[in-house]
Each structure stands twice: as C-alpha cells, then as structure tokens.
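K.L.:
I have a structure here, written as structure tokens, and I will follow up with some questions on it.
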Amino acid sequence: MKLLLENWREFVREELEEPITTLRIFDFDETIAHTRSETRVKAPDGSTATLSDQKEFEEYMSQAAAKEGIETFDPVKDLAELGYQIDLSDFAIVKDPDEITIVTDIMRQFPLDSKTYIVTARRGESIGPILDYLEEIGIDENEVRPIATEGSSKGDVIATMIAQKIMSDGKSNVQRIEYYEDSQRNIDDVLQKVCHNDQLEAIKPQGFELLIYKVIQFEMGYKLESITC
Ligand SMILES: [Mg+2]
C-alpha cells in the first residue's frame, strides 16, 4: 500500500511539475558544422549543375520548381519524378567537417530543464554519421534526439513538438524554444508556423518564447543573430 501511494504521489508530481520546459533545436549543416557537401544535378534538358552550398541549392531548386510549375515546400522529389537526376549522396555522410564552435559550445551545455534535438532536412541515412560526428567533437550522442525531415517543413515539425504534451490546464509543457539555424527560408517557415498559427495560440502557455539564433558566416568566423516572433 505504501508503495502504491508513493507511486501515485510520483505521478501527481510529474503531472504538476513538468521538468522539461525548453526544447533546444539545432540544424546540422552550416549550424553545427560546415561541410564540403555538393549536390550534382542533371536536368532533363541535359544541362548539369554543381551546387556547392545551401544557398545555391535553394536557388536552383526554387528556379527549377518555378520553371516546372511545382509549388511544394520541398520540390526535390517532384523534380526527380520529372527526370531531374539529383545526387544528394554527399549529404549521407559528414564530409570534411569544420565544427562551428559558437554553436557547439552552447549545445554541449544541456540544461536540466531542456531536451536537445537535431532537426536536419537531410535524409534518414545521414543520422548515423551525424551522431558519430557529435561523439568525435565530444558531445554525448545519447543527449541528442535526431530528426531527419527529409526536406519537409521544419515549422511543421516544431509546431507538432509544441502540441505533443498537453498539461492538465490544456496548455503545452513547452515554455521556450531555442532554435539554431542558418537558413533564412527555414527560419521564415518556423516563424510563420509557430508565431502565426491559430491552433497553437490556444495551447501556448503564458510567457511562451521562441528564440531563434540565426548562424551567420562572416570574414572572421561565425556570429549569432537573435530573432523572435
Ligand atoms: Mg543549415
């Protein structure tokens, strides 16, 4: 009986005091590490392109999507169906990485009230190499939950995370989101889906904060620019 009562108390305490109130979400490429990954494309008209960074990748894909009349968030699959040969194999590995320490120094702190995620637009097969790389730079991979969105919207993923655990007052347990990202396109998507979302408004706890840290490369290295709703 005593044991039962203790268990019950434990349960009530858990429900009343949710220990995890912060989600820390890190992009991988050009946020945790700079890599030398290229995308090689052959279009149905025979033209070829080598896209050496994310900006070139996004520009090419959005131009090709416009040309083909595709309006999806991630046009890669649709373009492939139209005969574009898009070689993403460099993104299955972590190629010649340089650690971005302004971000990893924050990542390795692991505050007790937080959960830490890597949310990458890469494909699922990259998760193993990414976790291996974390171990290499001295970050415990067991502290990090990896999610590969395979190109789909990070804003949708984060909105879903907020809605995942609802407390007895009908509000989400997530008080605060810290999101580290270099891509303005992804940042705009997250701002739109988290800040301007009627369904989320009803479950956001009082004082809810979204803190975005945009990773910006400049001549001297990297810096973080903060953006909020
Ligand atoms: Mg990135």
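K.L.:
What is the number of the single condition among (1) within 14 Å of the ligand (Cβ to nearest atom); (2) loosely packed, with under 13 Cβ neighbours inside 10 Å; (3) within 26 Å of Ile158 (Cβ to Cβ) that Asp98 does not meet?
P.N.:
That leaves (3) as the condition not met.
K.L.:
Mind counting the residues in the range 213-227 that are closer than 13 Å to Ser183 by Cβ and within 13 Å of the ligand (Cβ to nearest atom)?
P.N.:
5
K.L.:
Another question, if that's okay. Determine whether Ser172 is more than 17 Å from the chain's Cα centre (by Cα) and hydroxyl-bearing (Ser, Thr, Tyr).
P.N.:
yes
K.L.:
Considering each residue of the range 28-51, count those that are more than 14 Å from the ligand (Cβ to nearest atom) and among the polar types (S, T, N, Q), and give that number.
P.N.:
Of the residues in the range 28-51, 3 are more than 14 Å from the ligand (Cβ to nearest atom) and among the polar types (S, T, N, Q).
K.L.:
Can you pull out the residues in the range 107-133 that are modelled with pLDDT of 95 or more, more than 16 Å from the ligand (Cβ to nearest atom) and among the aliphatic types (A, V, I, L, M)?
P.N.:
Result: Leu131, single match.
K.L.:
Something else: Go through the range 115-136 and count every residue that is crowded, with 17+ Cβ neighbours inside 10 Å, of a type in the set (Gly, Ala, Ser) and farther than 18 Å from Leu51 by Cα.
P.N.:
Residues meeting the conditions: 1.
K.L.:
Take the residues in the range 142-155 that are under 28 Å from Ala80 (Cα atoms) and β-branched (Val, Ile, Thr); name whichever of them is surrounded by the fewest Cβ atoms within 10 Å (Cβ to Cβ).
P.N.:
Residues of the range 142-155 under 28 Å from Ala80 (Cα atoms): 146-155.
Retained after the next criterion (residues that are β-branched (Val, Ile, Thr)): 147, 149.
Working: Ile147: 15, Thr149: 17.
Ranking the candidates gives Ile147 first.
K.L.:
When Tyr179 is evaluated against the numbered criteria (1) of a type outside the set (A, V, I, L, M, F, W, C); (2) free of Cβ contacts under 8 Å to residues at least 24 places away in the same chain; (3) within 16 Å of the ligand (Cβ to nearest atom), which criterion, by number, is the only one it fails?
P.N.:
Condition not satisfied by Tyr179: (2).
K.L.:
Select from the range 52-77 the residues that are more than 15 Å from Arg122 (Cβ to Cβ), of a type in the set (A, V, I, L, M) and either touching a Lys or Arg at 6+ places or on another chain (Cβ under 9 Å) or within 16 Å of the ligand (Cβ to nearest atom) (or both) and list them in ascending order.
P.N.:
Within the range 52-77, the first condition is being more than 15 Å from Arg122 (Cβ to Cβ), and the residues that meet it are 52, 55-56, 59-60, 62-73, 75.
This time we only want the ones that are of a type in the set (A, V, I, L, M), so: 64-66, 70.
Within the range 52-77, no residue meets the criteria.
K.L.:
Here's a follow-up. Mind counting the residues in the range 92-125 that are within 26 Å of Lys223 (Cβ to Cβ) and either touching a Cys at 6+ places or on another chain (Cβ under 6 Å) or of a type outside the set (Lys, Arg) (or both)?
P.N.:
23
K.L.:
What number goes with the only condition from (1) surrounded by 19 or more Cβ atoms within 10 Å (Cβ to Cβ); (2) away from the ligand (no atom under 14 Å from the Cβ); (3) not aliphatic (A, V, I, L, M) that Gly170 does not pass?
P.N.:
With respect to (1) surrounded by 19 or more Cβ atoms within 10 Å (Cβ to Cβ); (2) away from the ligand (no atom under 14 Å from the Cβ); (3) not aliphatic (A, V, I, L, M), Gly170 is out only on (1).
K.L.:
Please verify whether Ile139 is crowded, with 16+ Cβ neighbours inside 10 Å and over 29 Å from Gln192 (Cβ atoms), treating the condition exactly as stated. Explain how you work it out, then say what you get.
P.N.:
On the way: crowded, with 16+ Cβ neighbours inside 10 Å: yes; over 29 Å from Gln192 (Cβ atoms): yes.
Yes; evaluated as a whole, the condition is true for this residue.
K.L.:
All but one of (1) farther than 30 Å from Leu224 by Cβ; (2) modelled with pLDDT of 95 or more hold for Ser89; state the number of the condition that does not hold.
P.N.:
In the conditions (1) farther than 30 Å from Leu224 by Cβ; (2) modelled with pLDDT of 95 or more, Ser89 misses (2) alone.
K.L.:
List, please: which pairs have Cβ atoms under 8 Å, are six or more places apart or on different chains, and start with a residue in the range 129-154 that is at positive phi and end with one that is of a type outside the set (D, E, K, R)?
P.N.:
Glu150/Ala121; Glu150/Gly124; Gly151/Phe73; Gly151/Val76; Gly151/Ala121
K.L.:
Among the residues of the range 173-217 satisfying the criterion of being closer than 21 Å to Ser153 by Cα and among the polar types (S, T, N, Q), which is surrounded by the most Cβ atoms within 10 Å (Cβ to Cβ)?
P.N.:
Asn186
The values are calculated or read from the model by the stated rules, or taken from the named source; none is laboratory data. Computed from a predicted model, the values in this text were never measured in an experiment. Cβ coordinates were reconstructed from backbone atoms using ideal geometry, including for glycine residues, and neighbour counts include every protein chain displayed.
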